[in-house]
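Okay, structure first, notes after.
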Amino acid sequence: MHYTFEIERGNFADAGQASSSVKRTLKQLGVAPPNIKRTVVALFEAEINAIAHAYGGTIDVDIDDGKIVMVVADQGPGIPNLDLAMQEGWSTASPQVREMGYGAGMGLPNIKKNTDELKIETEVGVGTTVTMTVYLA
Amino acid sequence: MTVKEIIEKLDLQCLNEANLDVEVSGAYASDLLSDVMGNARSGQVWVTMQTHKNVTAIASLKDIPAVILVRGGQPDDDMLEHAKDEDICILVSKDATYQVCGKLYALIG
């Protein structure tokens, strides 16, 4: 099963729509609740990152019997220092984004904790692609 | 302790009646959304001063039945609309986070 969602820069009002839709689908498929929880935490955080930092992008979700693969690809500034970005507490979020309660530097660590595989490909000035896999076994 | 009982015991204003008979397992207090996303558990009530629509998005994703807005905080219009769509109970306390959490802890800690 394949789903695609669009991400619009700065559109916080619609944040969580992709995660919410994927959650509904996984529930209907009878996926175990702990795996649903992990998936939606990771996807929501990746969605927020793209909304907050990038200039737009797409979310592709593939679900099969054994795993859920989520690819969040944005056209954005890229991440200059991935090691720093992975550190809990590190953030480059704007003051406006922080006022909403984001920008605590917990997003990428949350993604890492809740996925079985995480791959981040990023190029400064081009964009970032985050590939997250949750195994259902 | 149900959501309804919490409303009565803490004298909360209820802006969206949902999940009133749901049994609450505890509470999580935070204004950092990723903290809630990563650490709150389903069935807990969420105590926060954030009043925008992403609060209900997270509450829905995390199966949080009720959100308590502190210090008389009023939800943005689109947050309240979203709460109605997603069946999230929206509650308002005049108290600050510390007092709300103290009262909740005494009840369901």
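Throughout, read-outs are computed from the coordinates displayed, never taken from laboratory work. A quick note: this is a predicted structure, and the numbers were derived from the prediction, not measured. Neighbour counts run over all protein chains shown; Cβ positions are idealised from the backbone, glycine included.
Some observations on this one:
- With a Förster radius of 45 Å applied to the C-beta separation of A:Met1 and A:Met86, the computed FRET efficiency comes to 0.90.
- Chain A: angle of helix A:17-28 to the longest principal axis, Cα-based, in degrees nearest 10: 20
- Angle between chain A longest axis and helix A:33-53 axis [Cα atoms, degrees, rounded to 10]: 30
- Note that the protein assembly as shown, at 37 °C in a medium of 0.692 mPa s, gets a Stokes-Einstein diffusion coefficient of 179 µm²/s from its Kirkwood radius over C-alpha pairs.
- In segment B:3-108, inverting the average of 1/r over every pair of distinct C-alpha atoms gives 13.1 Å as the Kirkwood radius.
- Other protein chain C-beta atoms within 10 Å of residue C-beta, averaged over B:53-62: 6.
- Packing rank of B:82-90, A:103-111, where each peptide gets the mean count of other beta carbons within 10 Å, highest leading: A:103-111, B:82-90
- DSSP-loop trypsin sites (Lys or Arg not before Pro) across segment A:83-137, with at most 12 other Cβ within 10 angstrom: none
- Spin-label proximity, B:Asp35 to segment A:66-96 - amide N less than 20 Å from point 7 Å beyond Cα toward beta carbon: A:86-96
- Taking a straight line from the alpha carbon of B:Lys53, these lysines sit under 30 Å away, with near neighbours fewer than eight places off in the same chain left out: A:Lys23, A:Lys27, A:Lys37, A:Lys112, A:Lys113, A:Lys119, B:Lys4, B:Lys9, B:Lys62, B:Lys84, B:Lys94, B:Lys103.
- Relative contact order (%) - segment B:29-76, alpha-carbon pairs under 8 angstrom, separation at least six: 41
- Here the relative contact order of chain A, from alpha carbon pairs under 8 Å that lie six or more residues apart, stands at 28 percent.
- When only alpha carbons are used to place a centre, segment A:47-78 and segment B:17-94 end up 25 Å from one another.
- Cα-based Rg of segment A:2-135 normalised by 2.2 N^0.38 Å, two decimals: 0.99
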